[in-house]
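Encoded as structure tokens, the structure appears first; notes follow it.
The values are calculated or read from the model by the stated rules, or taken from the named source; none is laboratory data. No experiment lies behind these values; they were computed from the predicted model shown. Cβ placement follows ideal geometry from the backbone for every residue including glycine, while neighbour counts extend to all protein chains displayed. With ligands, DNA and RNA removed, areas are computed over all heavy atoms of the protein, side chains included. Shrake-Rupley method; radii C 1.70, N 1.55, O 1.52, S 1.80 Å.
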Amino acid sequence: MLIRLGYEWIFDVPSPTPMLLKLYLHPSQLSKVKKPEKVKVEPETPIEEFVDEFGNQAGRLMLPPGRVRVHNETIISDSGEPDRVNLSAQEIPIEQLPVDVLPYLLASRYCEVDLLSEIAWELFGDSPPGWGRVQAVCDWVHSHVDFGYEYASSTKTAYQVYRDRRAVCRDFMHLAMTFCRCLNIPARAATGYLGNIRMPPSSAPIDFSSWFEVYLDHQWYSFDARYNVPRIGRILMARGRDAVDVALTTSFGVVNLEKLTVFTEEI
């Protein structure tokens with residue numbers, strides 16, 4: 001199947017402001033691209049593109065003052081299959097994990113492993129190791145945390161989500177991911193496109209989505225505690241330790257978002 005996807009951001013910029021962008025498809029997706037993407041800025045502004053330390057495509061630019069439009073559109077092929085499920089996938093002992101996977105066991109800005117470790121083992125210590133334990137984490141977070149855009153907060157951490165039980169999709173990601181790390185299962189953040197392809201119609205606007213990946217049987221699998229069902233058309237943009245590393249825009253100064261439109265549709 002083919003998926004048309006893209007976005008439009010409109011910013012009000014009071015004064016020249018540096019910004020980092022991770023508004024590109026992840027390099028792992030490029031072999032499936034049918035229409036090359038190009039991040040465009042109006043008024044025309046040069047972007048210095050680079051690959052960050054997590055392997056994400058990124059860009060740096062200086063936003064000019066005034067109204068700035070950032071947009072992109074591409075077409076990508078997709079298998080049309082839902083997220084992979086492997087009920088028999090097992091955990092890897094820590095001493096056998098690849099060195100580059102070890103950081104995804106540790107605490108990070110939004111993932112307080114130290115505060116949630118005892119809670120995680122109380123909740124999930126008796127669940128079957130491997131896939132079953134990760135699924136138990138997702139089931140618990142999905143059923144105990146309420147979703148709502150009004151709950152969005154740029155400073156909310158996994159422990160705060162556990163305490164408040166109110167969240168947006170990145171908060172579901174942070175809490176589930178932190179529980180997995182507490183249980184010695186490597187987990188990393190992911191963000192990208194996830195539309196309503198082959199799902200019941202919804203009147204809610206499409207936004208970018210956050211999910212997480214866990215390392216089982218020497219490979220990474222996608223899990224999503226917000227929806228908690230395998231989905232079709234999940235298109236990766238960035239990976240990292242948490243929302244800090246996968247932030248789609250990071251401004252170094254005051255920038256006001258006036259509009260954000262995201263589209264992803266089967267064609």
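Just a few scattered comments:
- Condition check for Leu236: under 18 Å from Leu23 (Cα atoms) and crowded, with 16+ Cβ neighbours inside 10 Å: yes
- Residue in the range 98-113 that is under 17 Å from Trp211 (Cβ atoms), among the aliphatic types (A, V, I, L, M) and not in a helix (DSSP H, G or I) present: no
- The one condition from (1) closer than 15 Å to Leu216 by Cα; (2) of a type outside the set (S, T, N, Q); (3) crowded, with 16+ Cβ neighbours inside 10 Å that Pro128 does not meet is (3).
- The one condition in (1) surrounded by fewer than 16 Cβ atoms within 10 Å (Cβ to Cβ); (2) aromatic (Phe, Trp, Tyr); (3) part of a loop (DSSP other than H, G, I, E, B) that Phe50 fails to fulfil: (3)
- All positions within the range 154-166 that are at pLDDT 95 or above and either β-branched (Val, Ile, Thr) or exposed (fewer than 15 other Cβ atoms within 10 Å of the Cβ) (or both): Thr155, Thr157, Val161, Arg163, Asp164, Arg165
- Given (1) under 19 Å from the mean Cα position of the chain (by Cα); (2) surrounded by 13 or more Cβ atoms within 10 Å (Cβ to Cβ); (3) closer than 24 Å to Val244 by Cβ; (4) not polar (S, T, N, Q), number of the condition Glu8 does not satisfy: (3)
- Looking across the range 53-79, just one residue is surrounded by fewer than 17 Cβ atoms within 10 Å (Cβ to Cβ), of a type in the set (S, T, N, Q) and part of a loop (DSSP other than H, G, I, E, B), and that is Ser79.
- Residue in the range 29-47 that is farthest from the chain's Cα centre (by Cα), counting only those that are surrounded by 12 or more Cβ atoms within 10 Å (Cβ to Cβ) and assigned to a helix (DSSP H, G or I): Lys32
- Qualifying residue in the range 204-213 (condition: crowded, with 24+ Cβ neighbours inside 10 Å, within 25 Å of Leu21 (Cβ to Cβ) and of a type in the set (Gly, Ala, Ser)): yes
- Residue pairs meeting the criteria (Cβ under 6 Å; at least 6 apart or on separate chains; first under 18 Å from Ser153 (Cβ atoms) and at pLDDT 95 or above, in the range 240-261; second in a strand (DSSP E or B) and open to solvent by 50 Å² or more (accessible area, probe 1.4 Å)): Thr250/Leu20; Asn256/Asp12
- Residue tally, condition closer than 30 Å to Pro65 by Cβ, acidic (Asp, Glu) and in contact with a strand residue (DSSP E or B) (Cβ under 6 Å, 6 or more places away or on another chain), over the range 212-267: 1
- Among the conditions (1) touching a strand residue (DSSP E or B) at 6+ places or on another chain (Cβ under 7 Å); (2) farther than 25 Å from Lys259 by Cα, the only one that Gly80 does not satisfy is (1).
- Considered as a group, the residues in the range 80-94 that are at pLDDT 95 or above, within 23 Å of the chain's Cα centre (by Cα) and open to solvent by less than 90 Å² (accessible area, probe 1.4 Å) include one that is farthest from Tyr215 (Cα to Cα), and that residue is Pro82.
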